[in-house]
Amino acid sequence: MRRVAAGVAFSALLAGCTTTVPPIAGRHPADASVAVATPSYVAVSGAKPLRPVDPKGWQDLNRQVTPKGH
């Protein structure tokens, strides 16, 4: 029984060392002669512009974080 288990384990290890690669369907990704579509820009909804702004005074910043009931 140990010989059978060792044989199965050795076969599994040996099968992992094979160099056969399945063929790629269609054109090869590294083929530089293949025409591809031009990438296009798509805006993400809800994005905010992250441009530099002038610093605000501490009073304005405190008003923004103050609870609404006060």
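Overall, the accessible surface of the chain at a probe of 1.4 angstrom is composed of carbon and sulfur to the extent of 64 percent. Rolling a 1.4 Å probe over the heavy atoms of the protein chains gives the chain an accessible area of 108 Å² per residue. Where (1) 13.9, 42; (2) 31.4, 82; (3) 14.0, 36 are the candidate values, the label of the one calculated here for Rg and Dmax of the Cα atoms in Å is (2).
Considering only 67, 39, 9, and ranking their Cα positions along the charge dipole of the chain that arises from unit charges at the beta-carbon of Lys, Arg, Asp and Glu, the one farthest toward the positive end is 67. Between residue 33 and residue 65, residue separation times 0.36 nm minus the direct Cα-Cα distance comes to 5.7 nm. One Cα centroid belongs to the range 50-70, the other to the range 1-46; the line between them spans 53 Å.
The values are calculated or read from the model by the stated rules, or taken from the named source; none is laboratory data. Everything numeric here is computed off the predicted structure, so don't read it as measured data. Ideal geometry is used to build each Cβ from the backbone, glycine not excepted, and the neighbour counts take in all protein chains shown. For the accessible areas, the whole protein counts, side chains as well, though only heavy atoms, and no ligand, DNA or RNA atoms are used. Shrake-Rupley method; radii C 1.70, N 1.55, O 1.52, S 1.80 Å.
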